[in-house]
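Here the structure is laid out as structure tokens; the discussion comes afterwards.
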Amino acid sequence: MADLTPRQIVSELDRYIVGQDAAKRAVAVAIRNRWRRQQLPPDLRKDVTPKNIIMIGPTGVGKTEIARRLAQLIGAPFLKVEATKYTEVGYHGRDVESMVRDLTEIAIGMIRQEQRGRVETQAKERVTERLLDLLVPKSNNWDPENQEENDRRQRTREKMKARLEAGEMEERPVELNIEQKAVPVQIFSNLGMEQMDVDFQSMFERFMPKQAQNRQITLKEARRVLLEQETEALIDRQVVTEKAVELVENQGIIFVDELDKICGPASTHGPDVSRQGVQRDLLPVVEGTTVNTRYGPVRTDHVLFIAAGAFHLSKPSDLMPELQGRFPIRVELTDLKREDFLRILTEPKHALTKQYSELLATEGVTLDFTQDGIEALADVAFEVNRTTQNIGARRLHTILERVVEEVSYDSPDASAKRVVIDGAYVRRRLSDIVQNEDLSKFIL
């Protein structure tokens, strides 16, 4: 992250997302500010809080994709949640602090994967020795003082090791003692007790006796099982936990989608657990609090929160004033124009037209999208969005699936191995639906 300037971050995001420059610039500056904060003296660093962002724009214009690609780019733990799935504390459902626990689990997975890469070489060496012990077991009357017997056994092991490394014995059966994994115990998952930070699964594993059985498996499968065991044995769980908590506290990103669904005036007919109550519970988490997790306390003071919503029926000023103040940066994402649809179909690294071409290439079918065919797709997408419901770029998925449906269905048995998707082909496949507005509301 230290090497990425805001301009470079925007350039990387441009490879996958079309337009929305204001939102890209806002997140790029937010990420760069994190790096700048790390360069400050410790006493000043703790007082510099992240400037959280609200993205305002209709569905399908790239709000979630910008946040997700950003997290992938910088290797930060990233969690996307919908604000509508949380309820006020004291009611049945998920409490907002569970988002921090979920983010910590993601960070644990990232650090474990990193640690696995570090111990992989050592683990493979230990696996080779254990495989050799299976192939050349010690005899019952083995004498450590018998040098001749030891030399002969060592020569045998060297020969076996050479054959192992050459891959000559992959299908040879070996007998391995394999521990049976305990069935996950989920007693409290549906009782609204997510705030309990005790690792019940580990507790039950310690109490219950471990079951193991000897199984006849191939040497290839034994290598996989042993590699998993040795890797787990070499990873220091305490180091993983400490690094993951630090990563969450300093680099974590939580994307809160559908924020506009918990907006609105206070309820006048009883407790409003899905709106004002969720806002009240969300406020301390965004503001900075300590959340108890199974890996210890996690502070949210420097977690970056990116909220998003269409705000069709409400506006950001309908949020609680205290919560508004915790999202000082507001960026508006624009509706997609015809030119945007054209760019989406061709410019991104994994554009939709490229995806469909590669999918059908696996069947030996060449799918060619001509320029007028792409323009026709953009025209239809823009027009249907304008006249019916505006669902942004997701409209292209619906339209493209409809256009290539016949080719996808016939491709395994088709004699023609080249299909040209031009303007006439697109209009022929979509003509009935586009002309019939009532039908297009249900199909497109």
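Where a number appears in this text, it was derived from the coordinates with a stated rule and is not lab data. Here the structure is a predicted model, which means the values were calculated and not measured. All Cβ positions, even for glycine, are placed from backbone atoms using ideal geometry, and neighbour counts span all protein chains on display.
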State, to one decimal in nm, how far the label point of Glu401 lies from the label point of Arg237, with both points 7 Å from Cα in the Cβ direction. 4.3
Expected sort for 150-161, 121-132 on mean C-beta neighbours within 10 Å, highest first, is 121-132, 150-161
With the label point 7 Å along the Cα-to-beta-carbon line of Glu120 and a cut-off under 18 Å to each amide N, the hits in the stretch 221-247 are 223-236
Mean separation of Cα contacts under 8 Å (at least 6 apart) over the residue count of the stretch 290-444, i.e. the relative contact order in percent, is 22
Only Lys, Arg, Asp and Glu count, each charged at its Cβ (+1, +1, -1, -1), so figure out the dipole size of the stretch 1-132 about its Cα centre, rounded to 20 debye. 300
Quick one: which residues, 5 or more positions from Ala307 or on another chain, have an amide H under 5 Å from its amide H? H modelled 1.01 Å from N in the peptide plane, none for Pro or chain starts. Ile53, Ile54, Met55, Val256
Hey, what do the phi angles of the stretch 404-410 turn into as Karplus ³J(HN,Hα) couplings, whole Hz, using 6.51/-1.76/1.60 and θ = phi - 60°, x for Gly and Pro? 9, 4, 5, 5, 4, 6, 8
When the dipole is taken about the Cα centre of the stretch 297-444, and only Lys, Arg (+1) and Asp, Glu (-1) are charged at their Cβ, what size is it in debye, to the nearest 20? 440
Ranking request for peptides 214-221, 98-105, 68-75: highest mean number of other beta-carbon atoms within 10 Å first, then the rest in descending order. 98-105, 68-75, 214-221
